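The values are calculated or read from the model by the stated rules, or taken from the named source; none is laboratory data. Computed from a prediction, not measured in an experiment: that's the story for all the values here. Glycine also receives a Cβ, built like all others from the backbone with ideal geometry; neighbour counts cover every protein chain displayed.
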Amino acid sequence: MGYISKVQVIQRSNENRQYYLICPAPLAQALEIEKGETIEWVVEDKQTLTIRRLDAGQHKTGARKNAK
């Protein structure tokens, strides 16, 4: 099953643009993504964007022990 998201763009006054890609909550929950996790964006080709957890081992083995 896929999840549809729209790209959001913020145009700053100094001509800088920021693009936001929203991760739907059900997808984040299924992947057990947590606030503050570090991810890497990898462009495979113009049709494929992959995200990769850089700290993948930590989120299962103790990242939650400091959670409140």
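Scanning the range 6-25 for residues that are under 13 Å from the mean Cα position of the chain (by Cα), surrounded by 10 or more Cβ atoms within 10 Å (Cβ to Cβ) and over 15 Å from ILE51 (Cα atoms) gives a single hit, ALA25. For the range 28-51, filtered to residues that are within 12 Å of the chain's Cα centre (by Cα) and among the small types (Gly, Ala, Ser), the residue that is surrounded by the most Cβ atoms within 10 Å (Cβ to Cβ) is ALA28. Residues in the range 37-66 that are modelled with pLDDT of 90 or more and outside any strand (DSSP E or B) were compared, and the one that is farthest from CYS23 (Cα to Cα) is LYS46.
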